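Notes follow once the structure below has been shown.
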Ligand code: CA
């Protein structure tokens, strides 16, 4: 799956794409949807260096739904076409500076499913809420998930309103325990037929690309509502995603071996099904303009792979469609620095984070901005970045605070 598009010697005629450390070198070629003040019609584009190349010569429609419908082999051909068009020596084309672009959701999200694939996260949360049985017995047998809500998926940097909800018996008001969850999202495509499970071997061809995903969570609402049917209003008020779709093809050089548990045959993953992808969360408070790192973790800490999530999701015949989105679940690792939400990092708010500014945070406050970042690097290949996923917290609406 490594081909000429991954060649570290490739250079682009877009000069800033050749600067080491750039998120969008020619080896990345992430796809997104943008508009400008001059032309407010959303349309697909590819990010290169500090600019966007319009994709209308190759892709029809106002978003990436057509792209997500392509087969894996057609996606590879499309990447090759873009790589050749952007190489040094190819004719230059007009570009749109990234700073002039307004970025939109890459496609209308069909169905959204959020998994729970970090054993570290599941163990920590379990210890807090169910000390006598932190991990449910099914955990080591299947990737657990719940069906989320696509209507509240927003693109970075859309602000997020603090939600109100039931906080206990006879109590309704703004959440006092607003949290982030650092996750990876995966855009699915080309889709599967109802009644036809996607096998674990085919499953790699059924995700088209990834994004950063922040599953905003209201912990007090969650604690009160989650039994017996799982999260509902504590999670579905907002989910933020980064605007650029990092294609599966761009990620191929960053596969790593997967320490497989011994699951049932339909979940038996090939040995290199995991990815070495660094993920970070930063916080910027209203009183300190410099963002501060609060989490660094890695996708390889997950107990289950994207292919296993897809194979399991379709194992009962449930169809997936192009433009469906899955989240991996909070990507927590083994160390405190890699705990990817405040619930874990501050142990339910009992051990607040002390920031460089002297401020403390148990949970998020109004005006706080959470910034997710991610990248992959490996000797012999060019580093690629995921861009950013941002969201600032707005105060709860006064009129909703009392029910
Ligand atoms: Ca989640």
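A short reminder: the numbers here are calculations on the coordinates, not readings from a lab. Since we're looking at a predicted model, the values are computed, not measured. Glycine also receives a Cβ, built like all others from the backbone with ideal geometry; neighbour counts cover every protein chain displayed.
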Worksheet item: Considering the chain as a Gaussian network with a 10 Å cut-off on Cα pairs, which listed residue, 147, 206, 303, attains the greatest mean-square fluctuation?
Response: 147
Worksheet item: So what's the gap between the Cα centers of the range 1-77 and the range 250-288, to the nearest angstrom?
Response: 23
Discussion item. Taking the Cα of residue 80, stepping 7 Å toward and past its beta carbon, and measuring to each backbone N in the range 6-20: which are under 15 Å?
Written reply: 6-7
Worksheet entry | Backbone N under 20 Å from the residue 176 label point (7 Å along Cα→Cβ), restricted to the range 324-368 | 342-354, 360-368
Fill in: the chain: calculated mean residue ellipticity at 222 nm from DSSP helix runs of at least 4, using -39500 (n - 2.57)
-3500 deg cm²/dmol
Worksheet item: How would you rank 172, 78, going from fewest to most other Cβ atoms within 10 Å of each one's own Cβ?
Response: 172, 78
Worksheet, complete the sentence: One finds, for residue 130 and residue 365 with R0 = 30 angstrom and r their Cβ-Cβ distance, a FRET efficiency to the nearest 0.05 of 0.55
Worksheet item: Most mobile of 94, 334, 106 per a Gaussian network model of the chain (Cα springs, under 10 Å)?
Response: 94
Item to complete: Answer rounded, prolate or oblate for the range 287-341, using the Cα gyration tensor with square roots of eigenvalues a ≥ b ≥ c: rounded when a/c is under 1.5, else prolate when a/b is larger than b/c, else oblate.
Response: oblate
Practice prompt. Quote the relative contact order of the range 237-381 in percent (integer), defining contacts as alpha-carbon pairs under 8 Å separated by 6+ residues.
Written response: 26
Item to complete: Assign one of three labels to the range 54-95, namely rounded, prolate or oblate, based on the Cα gyration tensor with a ≥ b ≥ c the square roots of its eigenvalues; rounded applies when a/c is under 1.5, prolate when it is not and a/b is larger than b/c, and oblate otherwise.
Response: oblate
Discussion item. As an exercise, use a Förster radius of 51 Å and the Cβ-Cβ distance of residue 288 and residue 9 to find the FRET efficiency, rounded to the nearest 0.05.
Written reply: 0.75
Worksheet entry | Residue with peak Gaussian network fluctuation, the chain [Cα springs, cutoff 10 Å], from 306, 264, 105 | 264
Item to complete: Please work out how much length the chain gains when fully extended from residue 223 to residue 66, using 0.36 nm per residue of separation minus the C-alpha to C-alpha distance, in nm with one decimal.
Response: 52.5 nm
Worksheet item: Gain in length, residue 381 to residue 321, computed as 0.36 nm per residue apart minus the alpha-carbon separation, to one decimal in nm?
Response: 18.4 nm
Discussion item. So if each residue of separation counts as 0.36 nm, and I subtract the Cα-Cα distance between residue 37 and residue 257, what length gain in nm does that give?
Written reply: 74.6 nm
Worksheet item: Which angle from 0 to 90°, rounded to the nearest 10, does the C-alpha axis of helix 119-129 make with the longest principal axis of the chain?
Response: 20
Discussion item. To test your reading of the geometry: what angle, between 0 and 90 degrees and rounded to tens, separates the Cα axis of helix 72-86 from the longest principal axis of the chain?
Written reply: 60
Worksheet item: For residue 102 and residue 142, FRET efficiency with R0 = 56 Å and r from the beta-carbon atoms, rounded to 0.05?
Response: 0.90
Item to complete: Calculate how many DSSP beta bridges within the chain are antiparallel, expressed in % of all such bridges and rounded to the nearest 5.
Response: 90
Response to the item:
Rounded to the nearest Å, the spacing of the alpha-carbon centers of the range 331-403 and the range 94-163 is 13
